[in-house]
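> After the structure tokens below, expect a handful of questions from me.
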Amino acid sequence: MGEIEDAIERVDREAFTKDPPKTLKGQIGYLLKQMGGAKAVAQELGVTADSVNRYRRGARKHARADVAAKIDTAVRQRWQPMVRKRRQKQAAASGGITVETRARFGYTSSAGSTDDGRFRRLTVHLPPTYAQRLFDARDTGASDQQMRQIIAEGFKEIYFQDGGGRAAGLSDVTLNDIDYLDLDY
């Protein structure tokens with residue numbers, strides 16, 4: 001996962017109204033209900049169906065570290081999908097998305113101005129259209145670079161050009177060398 005997809009996942013986890021199951025038996029039970037059977041869960045986790053059934057019965061109390069991480073990820077991806085969808089739908093319809101980052105911004109501009117990239121710490125609220133584009137890109141499997149470009153376009157319009165009030169000659173903004181990136185919606 002890239003930085004932007006990680007940030008979206010963090011926001012989604014913060015939206016949970018109830019914590020996901022913590023025990024191995026509880027997590028496996030949840031995955032079995034969601035996926036319909038031990039064979040499907042086993043395929044997702046990269047273990048055998050017998051192992052999944054041992055986890056379910058409690059015959060194995062602990063999974064290997066790599067399998068435990070896969071189980072946790074699989075549960076969190078499926079946990080409270082309606083809560084996540086509702087928050088994303090609200091951000092895309094009316095709320096927008098706030099991006100806080102420290103990154104190197106480069107840009108192409110008219111003659112006579114500098115286009116040297118430099119680190120900036122910015123917190124910018126982007127309109128709902130950018131939130132929708134970002135969620136659509138994520139859902140279609142876009143690369144982290146493509147999602148960065150969506151955010152960079154939003155920064156260009158809202159921050160650098162101030163909604164069309166300045167920097168009219170600015171034609172391209174890039175977002176590079178991300179130190180940190182956090183989203184809120």
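The values are calculated or read from the model by the stated rules, or taken from the named source; none is laboratory data. Values in this document were obtained by computation on a predicted structure and should not be read as measured data. Ideal geometry is used to build each Cβ from the backbone, glycine not excepted, and the neighbour counts take in all protein chains shown. Surface areas here come from the heavy atoms of the whole protein model, side chains and all, with no ligands, DNA or RNA. Shrake-Rupley method; radii C 1.70, N 1.55, O 1.52, S 1.80 Å.
> Do the conditions hold for residue 34, that is, is it among the polar types (S, T, N, Q) and open to solvent by 50 Å² or more (accessible area, probe 1.4 Å)?
Yes, satisfied.
> Could you please find all residues in region 141-155 being closer than 14 Å to residue 103 by Cα and open to solvent by 50 Å² or more (accessible area, probe 1.4 Å)?
Listed by number, the residues that qualify are 145, 149.
> Is region 108-117 home to any residue that is at pLDDT 90 or above, farther than 19 Å from residue 2 by Cβ and open to solvent by 60 Å² or more (accessible area, probe 1.4 Å)?
Looking for residues that are at pLDDT 90 or above, farther than 19 Å from residue 2 by Cβ and open to solvent by 60 Å² or more (accessible area, probe 1.4 Å), one finds none in region 108-117, hence no.
> How many residues does region 71-92 hold that are under 18 Å from the mean Cα position of the chain (by Cα) and either open to solvent by less than 40 Å² (accessible area, probe 1.4 Å) or more than 22 Å from residue 182 (Cβ to Cβ) (or both)?
Residues that pass the stated criteria total 12.
> Scanning for something open to solvent by 30 Å² or more (accessible area, probe 1.4 Å), within 21 Å of residue 81 (Cα to Cα) and in a helix (DSSP H, G or I), does region 43-50 turn up at least one residue?
Scanning region 43-50, I find at least one residue that is open to solvent by 30 Å² or more (accessible area, probe 1.4 Å), within 21 Å of residue 81 (Cα to Cα) and in a helix (DSSP H, G or I), so the answer is yes.
> Moving on to the next point. Can you tell me which of (1) in contact with a strand residue (DSSP E or B) (Cβ under 8 Å, 6 or more places away or on another chain); (2) surrounded by 17 or more Cβ atoms within 10 Å (Cβ to Cβ) is the one residue 10 doesn't meet?
Condition not satisfied by residue 10: (2).
> So how many residues does region 13-28 have that are of a type in the set (Gly, Ala, Ser) and either surrounded by 15 or more Cβ atoms within 10 Å (Cβ to Cβ) or closer than 30 Å to residue 99 by Cβ (or both)?
Total satisfying the criteria: 1.
> Kindly check whether there is at least one residue in region 52-70 that is within 30 Å of residue 177 (Cα to Cα), part of a helix (DSSP H, G or I) and not basic (Lys, Arg).
Yes, region 52-70 has at least one match.
> Which residue, of 32, 45, 126, is aliphatic (A, V, I, L, M), modelled with pLDDT of 90 or more and under 21 Å from residue 154 (Cβ atoms)?
126
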